[in-house]
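The structure appears below as structure tokens.
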Amino acid sequence: EPFRVSAKGGPAKGLWCTAEARPVAGQPGRVTVAVVDEHGNPAADFRGAVKLTCNTEAGLPSSYAFTQADAGSHEFQGRFPKDVVSRVTVTCEAMTAVSNPILPRSDGEPAIYFGDIHSHSMLSSDAVGDPDAAYEYARRFAGLDFAALSDHAPRAARWEAGVAAANRHNKAGRFVTFVAFESGDSPHGHRNIYYRDDTGPDLPLLKNYNEAWWQWLAERNVRALTLPHHPNTDSGVRLANGNLAWGPTDWSVRNDTYQRLVEICQTRGSFEAPGGPNPELRIRAKDCGASVQTALAKGFRLGFIGSTDTHSGRPGNPAHSARCAILARDFSRTGLWDALYARTCYATTGKHILVLFEVNGKPMGSEITLAARETKRQIRWRVVGVGPLKRVDLLRNNGVVKSWAGEGKDDVAGEFSLAEPLAAAEWWYLRVIQDDAEMAWSSPVWVDAPGGAK
């Protein structure tokens, strides 16, 4: 029998305020206020009153007294005006929290949803936390829109328990979950598998979760995404079977149907480029020759996500930060999964930074083929930071072609055009750096030469 330990949060030491990033203007938009202890655990016994203010008229109450039923978290509904960035401030004595930026949209525009789809619970042998409590934490305290528990290849009853928990907490229009697991039993690097449906197939007893796994999925017409993570580092520790406990991605194997995304950042650091760009955040500041830019240069067409890889049963905990942001019109499991498949997604190191990026009017993740005699590439972008922006870089084929200084602003937009002939395929993406070193990366847009030459 497993050894169970119950944990209870301590006294209130902090406030978290997380808001729906892009609600429809004038329509109800979620604002979650959570009270936590010094370690980010729910302060379920909190009974104090908080004050709420907003820089725009949002129809929120000026104060609210927490009750026993709240158990440390309360959800409000505000109505925010269009074309203005709103922020909600919550205070209680010495505790203060400011929400992420809220940028309302027109009905029919894609929203931006934030989540953590790489986290673990007690269903993994090296993690803790009840699966139901993990999903509750993600929704009620981290203020996420979606989440997934990607436990380490659970078998039999553990797999069934994980599927059941995901489906219990999946509520289209409010909080979306994915049926998922992590494959770490491969010498080719770790991957997470995310299913489009509510079951996923029974797990086959495979030792190679690359080619053999992709073939197995294809033979059964299973809709799944297989995402490499921490691609450019290793644990330095080998298991009894000779494999690294966690190691770099082997970019010699490829499948564009199932492998359409990569986790560019997580608690171990970022893996965009050789050496970082912030290697000081790595658990092991080592370059294994398998960065995301290495894969892009090899011709891989990968969208970017971030997620925590927390093993504490606390998806979205800021102490283990990184986020996946999805641009989608359909706030359901299939809607968000389809957006991930289309690569209309981006990564952040944890903050809910808003990133809009397009090339020739097509959103991040797109593949564009120029028409005959067409040469112009028109790039437009906007970034709304959680704090002041230090710099926004535009990259073409892994190299920076232009940078914009934030100049202390938290809302910056820009354009760039290029008309030189295109002889071969190219890719463009945006890198965002805040003054506090928090980052975001848009997924690339690929531009192919006339005739489809890649």
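Laboratory data are not the source of any read-out in this text; all were calculated from the coordinates shown. Note that the structure is a prediction, hence the values are computed from the model and not measured. Note that we place each Cβ from the backbone using ideal geometry, even for glycine, and neighbour counts take in every protein chain shown.
Miscellaneous remarks
- Overall form of segment 362-448 per C-alpha gyration tensor (a/c, 1.5; a/b vs b/c): prolate
- The chain: calculated mean residue ellipticity at 222 nm from DSSP helix runs of at least 4, using -39500 (n - 2.57): -3000 deg cm²/dmol
- Percent of Cα pairs exceeding the 20 Å cut-off, where the set is segment 335-391: 40 percent
- Residues of segment 34-56 falling in the label zone of Lys13, defined by backbone nitrogen less than 19 Å from a point 7 Å along Cα to beta-carbon, are 34-48.
- Lys/Arg +1, Asp/Glu -1 at C-beta; the chain dipole; positive extreme among Ala165, Pro444, Ile264: Pro444
- Where Rh is the Kirkwood radius over Cα pairs, Rg/Rh for the chain: 0.96
- Gyration tensor (alpha-carbon) shape descriptor, segment 14-98, a/c threshold 1.5: prolate
- Cβ crowding within 10 Å averaged over residues, with 57-66, 129-138, 428-437, 249-258 ranked highest first: 129-138, 428-437, 249-258, 57-66
- Segment 111-352: C-alpha gyration tensor shape, a/c 1.5 cut-off, then a/b vs b/c: rounded
- Taking every DSSP beta bridge that has both ends in segment 111-352, the antiparallel portion is near 70%.
- About the Cα centre, charge dipole magnitude for the chain (Lys/Arg +1, Asp/Glu -1 at Cβ), debye: 500 debye
- Given Lys82/Lys409; Lys13/Lys351; Lys82/Lys171; Lys362/Lys409; Lys362/Lys402, the pairs whose alpha carbons are separated by over 23 Å: Lys82/Lys171; Lys362/Lys409
- Gained length - Ala172 relative to Asp83, 0.36 nm times residue gap less alpha-carbon distance: 29.4 nm
- Options Phe66, Gly48, Thr18, ranked by Cα towards positive dipole end of segment 14-98, top entry (Cβ charges): Thr18
- DSSP bridge orientation in the chain - percent antiparallel, rounded to nearest 5: 85 percent
- Partner aspartates and glutamates whose Cα lies under 19 Å from the Cα of Lys8, excluding those fewer than 8 positions away in the same chain, are identified as Asp37, Glu38, Asp45, Asp70, Asp130, Asp132, Glu136.
- Highest average first, the peptides 82-88, 35-41, 98-104, 398-404 ordered by how many other beta carbon atoms sit within 10 Å of their residues are 98-104, 35-41, 82-88, 398-404.
- Total formal charge among the other residues, if their Cβ is under 14 angstrom from that of Pro363, Lys/Arg +1 and Asp/Glu -1: +3
- Fully extended contour minus Cα-Cα distance, from Ala218 to Gln68, at 0.36 nm per residue: 49.0 nm
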